[in-house]
Amino acid sequence: MKVIRVVVVDDSAYNRRSISKMLQEMPGVEVVGYAANGEEGIRRIMDLRPDLVTLDLEMPRMDGFTLLRIIMNSCPTPVIVVSSQAGDEKVFKALELGAVDFVPKPTNKISTELLKIRENLQEKVRNVLHLKLRGRASAALPKLSEGSRFVSSPVVADKTDIVAIGASTGGPPALYGMFSVLTRSLPISVLVSQHMPPGFTRAFAERLNRASAFEIREAAHGDPVLPGQVLIAPGGCNMLFEQVDGRAVVRLQEPSPADRYIPSVDAMFVSLAEIYRERLLAVVMTGMGNDGSRGIRAVKAAGGKVMAEAEETTVVFGMPREAIATGVVDRIVPLDLMVREIVNTCGFMPAKA
């Protein structure tokens, strides 16, 4: 078994020891270096060339953002941010700079509460074996093609106006890039289930909203599905839908013990397929595991369409690979063409130069 070599970067000696201990408990994981600030972290990473870095964001002398910029341009390395929930906006900035995932600290104070992240941290580290880091940090924030700028000009009669997107590892920067490229809202509704812990999805939705012509926000129980709007499933619960007085509304549901991935992409797809049938487009993007593969079967059986991200642009190919293996995926599309293909499927055309 391949040994995962890790460098731990955190300005707290207690945190460095605690995180290192959690990692050393894992078979096949070796902590090969430590650093108390960004400058020291860069030296350790450049000298040791680890397989993984765990990174605090707020440190003296050089913060985690500067370290990310330098490392992703000079020696790209998978980075897991370990940050307090109070810094959720900073977490998404780090993901856009090239970090592949994050683990929220239960508190921003030095405390034994940190030990609660053990299971989550170890699961994220296991996923490193499946990562495909691509060169420069800019790869984490897709540069979408100019052909992905659209106007509201229907060109086909086949009506697809509901888009459901499921994503996990690598999803936040990919979604940011997709929504920010749209220069004006379109009369389609977009529903997103991104695997994320409680407390982070509101800030994530607000960050997307500031960059997009769509109205993007965290979903609340009872929200109607409206054109020109993107609803993000709240972290820690599943986003389902039901018809009330002739329109679809959000029904938030506590996950069941059988739900390994939360918010569940499968649950969202199945729920939407029952209501929208042929009007639905389901999109499976980068992520670990097989969430979405059951749901797309329901979408296809109901007459809807299915799209999956191509392997060459995923951070983790697990979710798209499992979706493609079902045999019901209509299109396999790289990220830089994803917006164009989604909007074309919904019956719109690229803007003229």
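The values are calculated or read from the model by the stated rules, or taken from the named source; none is laboratory data. Source: prediction; values computed, not measured. Backbone-built Cβ (ideal geometry, glycine too); neighbour counts: all protein chains shown.
Remarks
- Listed conditions (1) surrounded by 24 or more Cβ atoms within 10 Å (Cβ to Cβ); (2) at pLDDT below 95 are all met by ILE296, apart from (2).
- Which listed residue, of ARG61, ARG5, ARG43, ARG69, is basic (Lys, Arg), assigned to a helix (DSSP H, G or I) and without any contact (Cβ under 8 Å) to a residue 60 or more places away in the chain: ARG43
- Any hit, the range 102-115, residues being of a type in the set (Phe, Trp, Tyr), modelled with pLDDT of 90 or more and part of a helix (DSSP H, G or I): no
- Residue within the range 230-242 that is in contact (Cβ under 8 Å) with a residue 60 or more places away in the chain and in contact with an Asp or Glu (Cβ under 9 Å, 6 or more places away or on another chain) present: no
- All conditions in (1) touching an Asp or Glu at 6+ places or on another chain (Cβ under 9 Å); (2) surrounded by fewer than 22 Cβ atoms within 10 Å (Cβ to Cβ); (3) small (Gly, Ala, Ser) hold for ALA174, with the sole exception of (2).
- The range 46-57 - residue that is in contact with a helix residue (DSSP H, G or I) (Cβ under 7 Å, 6 or more places away or on another chain) and in a loop (DSSP other than H, G, I, E, B) and, of those, surrounded by the fewest Cβ atoms within 10 Å (Cβ to Cβ): ASP51
- Single residue of the range 286-331 satisfying the filter (hydroxyl-bearing (Ser, Thr, Tyr) and either farther than 16 Å from VAL270 by Cβ or not assigned by TED's automatic domain parsing to the domain that holds ILE262 (or both)) that is nearest to the chain's Cα centre (by Cα): THR286
- Out of ASP223, ASP266, one residue alone is of a type in the set (Asp, Glu), touching a residue at least 24 places away in the same chain (Cβ under 8 Å) and out of contact with any helix residue (DSSP H, G or I) (no Cβ under 9 Å at 6 or more places or on another chain). It is ASP223.
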